[in-house]
Structure formats: C-alpha cells, structure tokens
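Colleague: Before I ask anything, here is the structure I am working with.
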Amino acid sequence: MAEKANFSNIYKFYDLINSVITLGFDKSWRNKASNQITGTRVLDLGSGTGAAFQQLQNLEVTAIDPDEKMLQLNKFKNKII
C-alpha cells in the first residue's frame, strides 16, 4: 500500500508537517472535537503519532493506526502501553 509506505517514511516528522500544512489549525480542530466528547471512552481511528492524546488525557483511549511506526511513536510520546 503506497499510503502506508509514505507514512512509514515521514513518521518522525508527521506532527511538524501536519502543523505546517494546516497553518497550525490542527491543534484547535482537535480541541473543538475533544470538547464535544460526552463519554469516557474514545476510539481514535487513524491515531497516527497520537497528537490528539493531549486533549484526551482524562479519557480511556483505544488508538488504532495501520502504520506500526506511527503507533510506536505514539506509544513513546504518550508513555502508553
């Protein structure tokens, strides 16, 4: 899968690239989305590097991503199992 290969090549820089491409709006978009959560559990599909975890710290989060390198970085950044 070409998309997966591309993410495997840029996973270390993904958060920076995402911030630049969205002109920094990615953080405010995540804040707006997290403010609408009413439950205590979240399924984060396409979790990537786990950028949303800062807004989801008080919730039980299940993170899923097809790219293993992105998930490994997610685990390292967010100190999760």
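Colleague: Those residues that are among the β-branched types (V, I, T), out of contact with any Ser or Thr (no Cβ under 9 Å at 6 or more places or on another chain) and surrounded by 11 or more Cβ atoms within 10 Å (Cβ to Cβ), I need them from the range 59-81; list them, please.
Modeller: Here is the first cut: in the range 59-81, the residues among the β-branched types (V, I, T) are 61-62, 64, 80-81.
With the extra rule that they be out of contact with any Ser or Thr (no Cβ under 9 Å at 6 or more places or on another chain), the set shrinks to 80-81.
Once the filter is applied, which keeps residues that are among the β-branched types (V, I, T), out of contact with any Ser or Thr (no Cβ under 9 Å at 6 or more places or on another chain) and surrounded by 11 or more Cβ atoms within 10 Å (Cβ to Cβ), the range 59-81 yields only I80.
Colleague: Given the condition touching a Lys or Arg at 6+ places or on another chain (Cβ under 7 Å), surrounded by 13 or more Cβ atoms within 10 Å (Cβ to Cβ) and under 14 Å from K77 (Cβ atoms), answer yes or no: does some residue in the range 38-49 qualify?
Modeller: Just the residues of the range 38-49 that are touching a Lys or Arg at 6+ places or on another chain (Cβ under 7 Å), to begin with: 49.
So of that shortlist, the ones also surrounded by 13 or more Cβ atoms within 10 Å (Cβ to Cβ) come out as 49.
Imposing the further condition that a residue be under 14 Å from K77 (Cβ atoms) reduces the set to 49.
Within the range 38-49, one or more residues are touching a Lys or Arg at 6+ places or on another chain (Cβ under 7 Å), surrounded by 13 or more Cβ atoms within 10 Å (Cβ to Cβ) and under 14 Å from K77 (Cβ atoms).
Colleague: Please tell me if L56 is crowded, with 17+ Cβ neighbours inside 10 Å and out of contact with any helix residue (DSSP H, G or I) (no Cβ under 8 Å at 6 or more places or on another chain). Steps first, please.
Modeller: Numbers: crowded, with 17+ Cβ neighbours inside 10 Å: yes; out of contact with any helix residue (DSSP H, G or I) (no Cβ under 8 Å at 6 or more places or on another chain): no.
Spelling it out, it is not the case that L56 is crowded, with 17+ Cβ neighbours inside 10 Å and out of contact with any helix residue (DSSP H, G or I) (no Cβ under 8 Å at 6 or more places or on another chain).
Colleague: So, one more: Which condition number in (1) over 17 Å from K77 (Cα atoms); (2) loosely packed, with under 15 Cβ neighbours inside 10 Å; (3) in contact (Cβ under 8 Å) with a residue 12 or more places away in the chain is the one that K12 fails?
Modeller: (1)
Colleague: Can we say S8 is of a type in the set (G, A, S), within 13 Å of E68 (Cα to Cα) and assigned to a helix (DSSP H, G or I)? Write out each step before concluding.
Modeller: Numbers: of a type in the set (G, A, S): yes; within 13 Å of E68 (Cα to Cα): yes; assigned to a helix (DSSP H, G or I): yes.
Yes, satisfied.
Every number here is computed from the coordinates shown, using simple stated rules; none is lab data. Here the structure is a predicted model, which is why all the values come from computation and not from measurement. Every residue, glycine as well, gets a Cβ built from its backbone with ideal geometry; the counts of neighbours run over all protein chains shown.
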